[in-house]
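Only one structure is covered here, and it is reproduced in the block below.
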Amino acid sequence: MALKNADEERRREENTMSENRMNGAAIVVNQAATEADEARKKQYRQDWEESGGGQLCLAFYDAFKKYKYYVETHSGEMARPSGPINNKYDEHTVFQECLRTVESYKREREETLRRNLEKAQSAARCEHEFLTGERCRAPKVTGKQLCRMHESMEEAKALKLDLGPMEDPDSIQAGIRKLQAAIIDGKLDSKQIGHLLYTIQLAAWNVTRTRTVLAEAK
């Protein structure tokens, strides 16, 4: 009896160690992908800054900011009979047109953000019901009854692998174990694995935000 218990305990420890290694590997892969993406963006930026066009653009932007500050702090000089306002110098006229364009873009962007926020707040909500009886408050996917995360979970079920509710860290971990077992057993192809991994990532990202939304609703 003692030997059987010892064997079971050993198997549990081995399974835990295997899960930890796989989870750790997944984290490392995600971190490496993020770091590689950031490094690529940084390199692109550096290449552009070193190019002839990039240097001209940066010099123009720096001069634009300096002249804008000068105009704002030397309004009297600008309005003199010999100043650019009265004489409508081409260079100053171009500056004014650029400034109007920048201000217009800023207002349009703020208005777009405001409309998007109002649209998100008024959007129909996901119809998924949590085990606690609470409803998910995330916006529905257009033409669907569920939000993006729960819609992905339903699609995952269609792959004949139910990852469970994945509504908290424990249930997400349980879903990861089910996926690990299916991969080891060779039940899924690479496309299905990628889809399910994305679903788990969505659930992990969404769990904290969902709790915050529920707390605010109360």
Output the number of the condition that L131 fails; it satisfies all remaining conditions of (1) over 27 Å from F60 (Cβ atoms); (2) assigned to a helix (DSSP H, G or I); (3) of a type in the set (A, V, I, L, M, F, W, C). (2)
Please work out which residue is modelled with the highest pLDDT, limiting yourself to the stretch 174-203 and to residues that are among the polar types (S, T, N, Q) and over 20 Å from H128 (Cα atoms). Q180
Residues (in contact (Cβ under 8 Å) with a residue 12 or more places away in the chain, out of contact with any His (no Cβ under 8 Å at 6 or more places or on another chain) and surrounded by 14 or more Cβ atoms within 10 Å (Cβ to Cβ)) located in the stretch 139-153: P139, K140, R148, M149, M153
Being part of a loop (DSSP other than H, G, I, E, B), at pLDDT below 80, within 18 Å of V207 (Cβ to Cβ) and in contact with a Leu (Cβ under 8 Å, 6 or more places away or on another chain) narrows it down to one residue among L159, L163; which is it? L163
The number of residues in the stretch 74-94 that are surrounded by fewer than 10 Cβ atoms within 10 Å (Cβ to Cβ) and either of a type in the set (S, T, Y) or farther than 27 Å from E49 by Cβ (or both) is 5
Evaluate the following for G53: is it at pLDDT below 90 and among the small types (G, A, S)? no
Restricting the stretch 204-218 to residues that are basic (K, R) and within 22 Å of the chain's Cα centre (by Cα), which is modelled with the lowest pLDDT? R211
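The values are calculated or read from the model by the stated rules, or taken from the named source; none is laboratory data. The structure displayed is predicted, hence computed values, not measured ones. All Cβ positions, even for glycine, are placed from backbone atoms using ideal geometry, and neighbour counts span all protein chains on display.
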